[in-house]
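Working notes for the structure below.
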Amino acid sequence: MKTLKNIMTFAAALALATTFNVRAGQAASPVLAELSTATAMELPAKAAELVSQADSKNLKQTTIDVVNAAVGLNPAATAPLLCAGITTYSPLRHWKVGPGQKVGIVGLGGLGHMGVKFASAFGAHVVLFTTSPGKVPEGLRLGANEVVISKNEAEVKKHAGSFDFILDAVSAEHDINAYLSLLKLDGTLCLVGAPELPLPVSAFSLLMGRHSLAGSAIGGIQETQEMLDFCGKHNIVSDIEMIGIDQVNHAYDRLLKGDVKYRFVIDMASL
């Protein structure tokens, strides 16, 4: 429990540092610079000190208006938009996903379920790829027009050469070449999942069809605000399970088993 609180305190200090950085328009925040000089053992104490200084100077208030969520959205379900939300929104916007396009979403988890929601809201024809037959109803509920079981090679091949864009949200080992072959001429596959091991990529998967393989991590403050405004307009939030702080270990065990729909959110009132 102590370790968890240390991590949360460190995260608060990092958020504070990011806020100062945005407001000052500097390349490196002085607060973040202080954190970077601390050793691993010193980080929790240094982070707590910086947060305490912010409290004494009434500076924590500045973190509230960096981005503004729409009134009416569930705050708990809005919180993951700042992670899974912007991580999927940014590449879909960057590659101009919209009406008339066929878009694939690989994986239905914390990232994938947001990818489906956004791609559908942008007006694209959305095809979800999942290894779990039990997730077919969920995919359709979230906005997918079609759900394909990726273990069924015959069904996957029916979509060969037909996608404008594919968002790969899988962080486990998988055959990325199978999805590259589904792209049409000049199509792009973008990774937002982060597998632990390198994924083998066949040169011919890129050469044939002039396909592009890209990656995307997250968006900036301006784009995050744009995303929150879009979510407010279209009533989009993350699907979450609220838990108390005493349920963290159990939630972690469930997370390892993929048993979460689709983000755990800790009720801070339970601390």
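Close Cβ contacts (under 6 Å, 6 or more residues apart or on different chains) running from residues in region 174-196 that are small (G, A, S) and surrounded by 14 or more Cβ atoms within 10 Å (Cβ to Cβ) to residues that are at pLDDT 95 or above and assigned to a loop (DSSP other than H, G, I, E, B) comprise S181/A160; G187/H211; G193/A169; G193/V170.
Any idea which of D259, D253, D229 is surrounded by fewer than 18 Cβ atoms within 10 Å (Cβ to Cβ), under 22 Å from the mean Cα position of the chain (by Cα) and farther than 29 Å from S120 by Cβ? Exactly one of D259, D253, D229 is surrounded by fewer than 18 Cβ atoms within 10 Å (Cβ to Cβ), under 22 Å from the mean Cα position of the chain (by Cα) and farther than 29 Å from S120 by Cβ, namely D253.
None of L256, L199, L228, L207 is farther than 15 Å from A76 by Cα and either β-branched (V, I, T) or not assigned by TED's automatic domain parsing to the domain that holds E138 (or both) except L256. Only one of the listed residues (G258, G161, G215, G187) is of a type in the set (G, A, S), modelled with pLDDT of 95 or more and on the phi > 0 side of the Ramachandran plot. That residue is G161.
Considered as a group, the residues in region 232-250 that are among the polar types (S, T, N, Q) and loosely packed, with under 14 Cβ neighbours inside 10 Å include one that is farthest from S120 (Cα to Cα), and that residue is N249.
The values are calculated or read from the model by the stated rules, or taken from the named source; none is laboratory data. These figures come from a predicted structure and were not determined experimentally. Positions of Cβ are generated from backbone atoms using ideal geometry, with glycine treated the same way; all protein chains shown enter the neighbour counts.
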